[in-house]
Amino acid sequence: MRNEEIQASDDDEMQGDQKVINQDNDPVVLEMSSIDPGSSSKPRNSFKKVETSQTKRQVSTSNDGGANGGRGESKLELFGFDSLVNILGLKSMTGEQTPVPISPIKGEDGFAATQHRKVSGSVKLGTMMGVFIPCLQNILGIIYYIRFSWIVGIAGISESLFLVALCGLCTFLTAVSLSAIATNGAMKGGGPYYLIGRALGPEVGVSIGLCFFLGNAVAGAMYVLGAVETFLNAVPKAGIFRETITEVNGAEVAEPITSPSLHDLQIYGIIVTIILAFIVFGGVKIINKVAPTFLIPVLLSLICIFLGILLARKDNPVDGVTGLSLKSFKDNWNPDYQKTNSAGIPNPDGDRYWNFNGLVGLYFPAVTGIMAGSNRSASLKDTQRSIPIGTLAATLTTTSLYIISVFLFGSVATREKLYTDRLFTATIAWPSSTIIYIGIILSTLGAALQSLTGAPRLLAAIANDNILPVLDYFKVPDSSEPHIATLFTAILCIGCVVIGNVDLISPTITMFYLLCYAGVNLSCFLLDLLDAPSWRPRWKFHHWSASLFGACLCIVIMFLISWSFTVVSLALVSLIYYYVSLKGKAGDWGDGFKSAYFQLALRSLRSLGANNVHPKNWYPIPLVFCRPWGMLPENVPCHPKLADFANCMKKKGRGMSIFVSILDGNYQECAEDAKNACKQLAAYTDYRRCESVAEIIVAPTMSDGFRGIVQTMGLGNLKPNIVVIRYPEIWRQQQQENVKDNIPATFVSIINDCIVANKAVVIVKGLDEWPNEYQRQYGTIDLYWIVRDGGLMLLLSQLLLTKEIFDSCKIRVFCAAEEDSDADELKADVKKFLYDLRMQAEVIVISMKSWDHHLQAEDESSMEAFTGAQGRIKNYLKKKNRHDHDHVGVNEQQVDKFLYTTLKLNSTIMKQSSMAAVVLVSLPPPPEKHPSYLYMEYMDLLVENVPRILIVRGYRRDVVTLFT
């Protein structure tokens, strides 16, 4: 800031115009003014808040006094940025609302967001009530009460222990990975979807998130069926269609076994689901307040179960309860897998044979409550402390409880009792089984309410990220209820209830949950392995190898349960991933894959080194100069055909183009204009379907800007190796109009800079007539190979043939020979060279007359062009010598020689290649000590009347090789 802008009097501030220096994305711009030049002691500073388009605030000064007077005199505003108090949201100091990050899909920086947090008066939850109890409540659910004793009976104590340890290890490793990711930053709504999406990208996040939503919806149906089954077992008379079983494994039982009918489960399940859906529609806040009280009956029922096991009588063999017995322990140690009917009763003619893999699918939903804490992240006081401690504590507690229960269940009853009594926990409970029934029903209904409450919010969170347009129906504003998503979830839940079998629904839930757990482990593995600077989790007890092992364990468990279910689940995720990639809106969430690509690019760049690339691995990297020689339509940053030509220089789309333009002016003044122009140029090249990078350079002149570009653009061996520019066909018109821009000098300067920087040059003349992808070309591609260029001209012709618009053309190579040269020998050598290069082309040798003879046989039009150029050059030199003190000394004989050469070559092109699709000719370098005007006359004479020509100059290395 200059002193003139700073120094002003107080009166000038109040009455005069104020100079505002605006900063990007600053909601408040503060101007420091009024430093009294006459004061020798403390200068009086006045900081003023100026209204901007982003925020409307009243103008206040530091002289207002009051409580805020001290804060108004802060010296930190000298640095020109918004106060850290506003950025970091220290409301206790300012009392103002603070901006929060918005969805990354909008491509805006979090601190630049204009949305504000709503001050909420809700009480935040701690580790116990916010994480530990919800996880405990979800893990100790329906499977423990009505299936776990049956699992111990059929799998035995030994394999039941292995089953619990295997599933517990999977959830423990997932909880560790979850703890690491959750403590690496603030979490928003969406739970695991939010973590996976921000770590693995929106495609993976949406794919796994939708599957996790389906898992939660199906889990709600499982909980409903568990509650209904428990109710019908507790009150058998309530069943409309009751089933009675009198035989087990072909032998009659002493007392008939009453089992709930499938139709009863369906009818009651649909009714309960509808009731729960109505409760969710109208009373979600009440559910969240009452939900913790559901845990009290669960804990009370657990106490009753353990008391019943300890107090069980040993002299009661009728009901199969032996009490804690070593004999029962030994009898139940080994597994006894067999067929069962739909109710789980052993039957040789049953339709289901159970083995260890099937039991994994049945049991695993019992340990899937570890995400309950992360789903409530918005309600936690300290997310980064509560989630790891609460989740791991709940995981270890419930795993220990299941292991203890394996020993107790296997030691207290006979195997037949464990087989046949699906509610063995109620049978064994003391003092009454009623407590168990109440505990099961309340627990399962509470879990069902949690599923019907959490699943719609997960779907709404996915929809609100604006990735898939098909999910727009489920979008909801902040703090609003997702009614449409709730209705959709209820319909899915009812559809699963119609199945009516917990044993069939449970493996489906397992697959979806395992996919989610694998996604969490892979996210932590990727982030930990890449170790980006932003990866700084507070939870330090993690390692990428443990996360990788956890992810692999999830996949192994999926295949153990059912390879067919696994294939279907992976196919579903792949289809969703493909659909999101195809139809989804692009979003940059700073995911781990982007970091992996970045590190891979760095490693690849280092592996390429700084040495020259071998000709076999040489790729054209064109630097397309977009600065037009003339006017372009409005909002068109470069010539439309430049993108088409850049695509023609790539083989099957492989390669990179760099589109650059130069903005005349001062960088500090034009920086913002350059950013906007760069965005416009990048958007335009994308619109033209050209994979490229756009850059805008601000420089005093075009020559200075290009000189900086050609020296610095690119990294290592990824620097551009070909400069593509348009031929300035309007240069003579601007010369006559006395336009300020000196096109000949700029054009010659660009060519000389490319030669010095060892860059190849391709000058395109007739760009307006360059064909697009729908204009198929026929005829020939003619090469006038005058000088050795490393094979660049030959390679360009082959690249043109790979495009559909030129694939019907044939290549002809014209070689220039002196009149006394051996044309046949030259033709044979060129043919052999092209054969070794695997290039098919017709070779034609043209002879140039000796310079000792004049062009007597040329046609009249060519001679007129020659004499016209000769006259213009003489007039230019006379005018130049008359105005400049330094005499321009040019050898007239050499000028005539250059004119003769270009005229002869132009005449040959017009005779031989008048019907050619494209003509390629070698670029003559600008002669030393010849003014740029003379060089433009030479070039004009060379390309005159040729509609479409590429003037090519290679550089000091080969781009093609004869060897394999």
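The values are calculated or read from the model by the stated rules, or taken from the named source; none is laboratory data. Since the structure is predicted, the reported quantities are computational estimates derived from the model, not experimental observations. Here the Cβ is made from the backbone with ideal geometry for all residues, glycine too, and neighbour counts use every protein chain on show.
Mind checking which residues of the range 336-367 are aliphatic (A, V, I, L, M) and either in contact with a Phe, Trp or Tyr (Cβ under 8 Å, 6 or more places away or on another chain) or not in a loop (DSSP other than H, G, I, E, B) (or both)? Steps first, please.
First, pick out the residues of the range 336-367 that are aliphatic (A, V, I, L, M): 343, 345, 359-360, 362, 366-367.
Selection gives 345, 359, 360, 362, 366, 367.
Within the range 556-585, which residues are surrounded by fewer than 17 Cβ atoms within 10 Å (Cβ to Cβ), more than 24 Å from the chain's Cα centre (by Cα) and not aromatic (Phe, Trp, Tyr)?
Those that are surrounded by fewer than 17 Cβ atoms within 10 Å (Cβ to Cβ), more than 24 Å from the chain's Cα centre (by Cα) and not aromatic (Phe, Trp, Tyr): 556, 564, 567, 568.
For the structure I just gave you, tell me whether residue 694 is crowded, with 21+ Cβ neighbours inside 10 Å, under 14 Å from residue 623 (Cα atoms), of a type outside the set (S, T, N, Q) and free of Cβ contacts under 8 Å to residues at least 60 places away in the same chain. Lay out the reasoning, then the answer.
Values: crowded, with 21+ Cβ neighbours inside 10 Å: yes; under 14 Å from residue 623 (Cα atoms): yes; of a type outside the set (S, T, N, Q): yes; free of Cβ contacts under 8 Å to residues at least 60 places away in the same chain: yes.
Against the criterion (crowded, with 21+ Cβ neighbours inside 10 Å, under 14 Å from residue 623 (Cα atoms), of a type outside the set (S, T, N, Q) and free of Cβ contacts under 8 Å to residues at least 60 places away in the same chain), residue 694 qualifies.
So, in the range 464-486, how many residues would count as being surrounded by 17 or more Cβ atoms within 10 Å (Cβ to Cβ) and not charged (D, E, K, R)?
So the answer is 10.
What's the total number of residues in the range 715-733 that are in a loop (DSSP other than H, G, I, E, B), of a type in the set (Lys, Arg) and surrounded by fewer than 17 Cβ atoms within 10 Å (Cβ to Cβ)?
Residues of the range 715-733 that are in a loop (DSSP other than H, G, I, E, B), as a first pass: 715, 719-721, 727-730.
From the residues that got through so far, the ones that are of a type in the set (Lys, Arg) too are 719.
With surrounded by fewer than 17 Cβ atoms within 10 Å (Cβ to Cβ) added as a condition, the list becomes none.
Residues that pass the stated criteria total 0.
Six or more apart or on different chains, Cβ under 7 Å: which pairs go from a residue in the range 431-457 that's outside the structural domain of residue 210 (by TED's automatic domain parsing) to one that's of a type in the set (Phe, Trp, Tyr) and at pLDDT 85 or above? Could you list them?
Close Cβ pairs satisfying both conditions: none exist.
Going residue by residue through the range 548-555, is there one that turns out to be within 27 Å of residue 761 (Cβ to Cβ), of a type in the set (Phe, Trp, Tyr) and not in a strand (DSSP E or B)?
Of the residues in the range 548-555, the ones within 27 Å of residue 761 (Cβ to Cβ) are none.
No; the residues of the range 548-555 include none that is within 27 Å of residue 761 (Cβ to Cβ), of a type in the set (Phe, Trp, Tyr) and not in a strand (DSSP E or B).
If residue 161 satisfies every condition in (1) surrounded by 22 or more Cβ atoms within 10 Å (Cβ to Cβ); (2) within 30 Å of residue 406 (Cβ to Cβ) but one, which is the exception?
Every condition holds for residue 161 apart from (1).
Residues are listed down the side, and each one gets a yes or a no for (1) closer than 30 Å to residue 511 by Cβ; (2) in contact (Cβ under 8 Å) with a residue 60 or more places away in the chain:
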{"position": "571", "(1), (2)": "yes, no"}
{"position": "594", "(1), (2)": "yes, yes"}
{"position": "602", "(1), (2)": "no, no"}
{"position": "609", "(1), (2)": "no, yes"}
{"position": "619", "(1), (2)": "no, no"}
{"position": "626", "(1), (2)": "no, no"}
{"position": "634", "(1), (2)": "no, no"}
{"position": "639", "(1), (2)": "no, yes"}
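Being closer than 18 Å to residue 147 by Cα and at pLDDT 85 or above is the filter; apply it to the range 292-307 and report the residue that is surrounded by the fewest Cβ atoms within 10 Å (Cβ to Cβ).
306
Show the residue pairs meeting these rules: Cβ distance below 9 Å; 6+ apart or different chains; first residue within the range 147-160 and of a type in the set (Lys, Arg); second residue surrounded by 22 or more Cβ atoms within 10 Å (Cβ to Cβ) and part of a helix (DSSP H, G or I).
Going by the 9 Å Cβ cut-off, the qualifying pairs are 147/226; 147/362; 147/363; 147/366; 147/502; 147/506.
In the range 523-540, how many residues are part of a helix (DSSP H, G or I) and surrounded by fewer than 24 Cβ atoms within 10 Å (Cβ to Cβ)?
First, the residues of the range 523-540 that are part of a helix (DSSP H, G or I): 523-530.
Cutting the leftovers down to surrounded by fewer than 24 Cβ atoms within 10 Å (Cβ to Cβ) gives us 526, 528-530.
Number satisfying all stated conditions: 4.
In the same structural domain as residue 268 (by TED's automatic domain parsing) and surrounded by 24 or more Cβ atoms within 10 Å (Cβ to Cβ): does that describe residue 507?
Numbers: in the same structural domain as residue 268 (by TED's automatic domain parsing): yes; surrounded by 24 or more Cβ atoms within 10 Å (Cβ to Cβ): no.
Considered against the rule, which asks whether it is in the same structural domain as residue 268 (by TED's automatic domain parsing) and surrounded by 24 or more Cβ atoms within 10 Å (Cβ to Cβ), residue 507 comes out as no.
Does residue 183 qualify as being in contact (Cβ under 8 Å) with a residue 12 or more places away in the chain, closer than 19 Å to residue 390 by Cβ and among the hydroxyl-bearing types (Ser, Thr, Tyr)? Working first, answer last.
Details: in contact (Cβ under 8 Å) with a residue 12 or more places away in the chain: yes; closer than 19 Å to residue 390 by Cβ: yes; among the hydroxyl-bearing types (Ser, Thr, Tyr): yes.
When the stated conditions are applied, residue 183 passes them.
Got a number for residues in the range 762-801 being more than 12 Å from residue 918 (Cβ to Cβ), modelled with pLDDT of 90 or more and of a type in the set (Asp, Glu)?
Residues meeting the conditions: 0.
What are the residue pairs meeting all of these: first residue in the range 541-554, first residue assigned by TED's automatic domain parsing to the domain that holds residue 388, second residue crowded, with 20+ Cβ neighbours inside 10 Å and among the β-branched types (Val, Ile, Thr), Cβ atoms under 8 Å, and 6 or more apart or on different chains?
541/176; 542/176; 546/176; 547/176; 550/174; 550/176; 554/174
Can you pull out every residue in the range 913-964 that is in a loop (DSSP other than H, G, I, E, B) and of a type in the set (D, E, K, R)?
Here is the first cut: in the range 913-964, the ones in a loop (DSSP other than H, G, I, E, B) are 913-917, 923-931, 944-948, 954-964.
Matches in the range 913-964: 928, 929, 944, 948, 956, 957, 958.
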